[in-house]
């Protein structure tokens, strides 16, 4: 019998239980995976609290992991026991030593990518890919603003955007995080606890604004994010770590310069198998070539997932966090 973090109800840290868990036998189109590393993400907190409801309870949390194929279903032809694979996205069930998962959601890992590294980058890295190439196609010379620039997604976006030739502005919560963002390619880190980030963006851009803002913070930054964008620019709201954005009169988008607003998800951008493979391929490419370095800021034993959630919610983490089953 293997172990997993299971919730029987939604709520605080206390609803997470480290319990015996039988992953079962893989179905005809499934794979059973021996997990070597599991990614920690803010969406896991949303699932635990019920902000984003899971399909049913009890449930195993987690949307990202990597490991070695143990067994395959009768209809699986392109994966075999012993293959190193990774995934990010639905269905949930990553907080486990072993799990079954649809084979079409897995991508084979290249030799130069470790399973621990993959678990710390698949969700964040493919998110960065759709932000920079899907929601708004960043080009050389563009100015962008990324909130939480020292976080998991932010650190990757800063590096990847700079590789594309963009001028990167990022908000962070402390001088220490400003240095992290700068080391990851952010040209202009802004400590939002000390200055008005919208005013700083205006100064940096000489009142022109940025082409796109990537905002995973939500309630605390949304309205000021709109003030940072040049006419016909784009706001990508892809998270809400500070709380959900209140209902919006869309007329404000016209008043502030005919702005575009999107609320994307990785699940939509990688729903088709070919899109998933494109996202993974591009991510593996920039990591393998050294354009993007994946920083695993902290690791936790799977049984300590509650402490990991607490650190994430209190913004104590740096870069990516990985749970070790």
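Mind listing whichever residues of the range 190-235 are closer than 22 Å to residue 47 by Cβ and either touching a helix residue (DSSP H, G or I) at 6+ places or on another chain (Cβ under 6 Å) or not assigned by TED's automatic domain parsing to the domain that holds residue 137 (or both)? Residue satisfying the conditions is 215 alone.
The single condition among (1) closer than 30 Å to residue 53 by Cβ; (2) in contact (Cβ under 8 Å) with a residue 40 or more places away in the chain that residue 132 does not satisfy is (2). Give me the residue from the range 312-324 that is in contact with a strand residue (DSSP E or B) (Cβ under 7 Å, 6 or more places away or on another chain) and at pLDDT below 95 and, out of that set, farthest from residue 171 (Cα to Cα). The extreme case among them is 321. The strands (runs of 3 or more DSSP E) falling completely within the range 193-306 that include 2 or more residues that are surrounded by 13 or more Cβ atoms within 10 Å (Cβ to Cβ) and modelled with pLDDT under 95 map to 296-301. Filter the range 162-175 down to the residues that are more than 23 Å from residue 240 (Cβ to Cβ) and touching a residue at least 24 places away in the same chain (Cβ under 8 Å) and list them by number. Within the range 162-175, 162, 163, 164, 165, 166, 167 meet the criteria.
Those strands (runs of 3 or more DSSP E) of the range 1-88 in which at least 1 residues are more than 22 Å from the chain's Cα centre (by Cα) and within 26 Å of residue 269 (Cα to Cα), considering only elements entirely within it, cover 30-40, 64-72. Quick one: would you say residue 94 is crowded, with 22+ Cβ neighbours inside 10 Å, in a loop (DSSP other than H, G, I, E, B) and not assigned by TED's automatic domain parsing to the domain that holds residue 205? For residue 94, the condition - crowded, with 22+ Cβ neighbours inside 10 Å, in a loop (DSSP other than H, G, I, E, B) and not assigned by TED's automatic domain parsing to the domain that holds residue 205 - is met.
Residue 185 passes every criterion in (1) surrounded by 21 or more Cβ atoms within 10 Å (Cβ to Cβ); (2) in contact with a strand residue (DSSP E or B) (Cβ under 8 Å, 6 or more places away or on another chain); (3) outside the structural domain of residue 72 (by TED's automatic domain parsing); (4) in contact (Cβ under 8 Å) with a residue 40 or more places away in the chain apart from (4). Just one of the listed residues (87, 52) is crowded, with 18+ Cβ neighbours inside 10 Å and in contact with a helix residue (DSSP H, G or I) (Cβ under 7 Å, 6 or more places away or on another chain), and it is 87. Sub-8 Å Cβ pairs linking a first residue in the range 190-213 that is within 14 Å of residue 141 (Cα to Cα) to a second residue that is exposed (fewer than 13 other Cβ atoms within 10 Å of the Cβ) and at pLDDT below 95, at least 6 apart or interchain, number zero.
The listed residues are 108, 99, and the only one of them that is modelled with pLDDT of 95 or more, surrounded by fewer than 17 Cβ atoms within 10 Å (Cβ to Cβ) and closer than 27 Å to residue 61 by Cα turns out to be 108. A single member of 129, 124, 162 is closer than 29 Å to residue 19 by Cα and not in a loop (DSSP other than H, G, I, E, B), and it is 124. Return a yes/no flag: does the range 146-157 have any residue that is assigned to a loop (DSSP other than H, G, I, E, B), surrounded by fewer than 24 Cβ atoms within 10 Å (Cβ to Cβ) and either in contact with a helix residue (DSSP H, G or I) (Cβ under 9 Å, 6 or more places away or on another chain) or modelled with pLDDT under 95 (or both). Checked the range 146-157: no residue is assigned to a loop (DSSP other than H, G, I, E, B), surrounded by fewer than 24 Cβ atoms within 10 Å (Cβ to Cβ) and either in contact with a helix residue (DSSP H, G or I) (Cβ under 9 Å, 6 or more places away or on another chain) or modelled with pLDDT under 95 (or both). Within the range 74-88, residues that are without any contact (Cβ under 8 Å) to a residue 12 or more places away in the chain sit with their Cβ atoms under 7 Å from residues that are crowded, with 17+ Cβ neighbours inside 10 Å, at 6+ positions apart or across chains, in these pairs: 80/69; 80/72.
The values are calculated or read from the model by the stated rules, or taken from the named source; none is laboratory data. Small disclaimer: the values here were computed from a predicted structure and weren't measured. Note: ideal-geometry Cβ built from the backbone for every residue, glycine included; neighbour counts use all protein chains shown.
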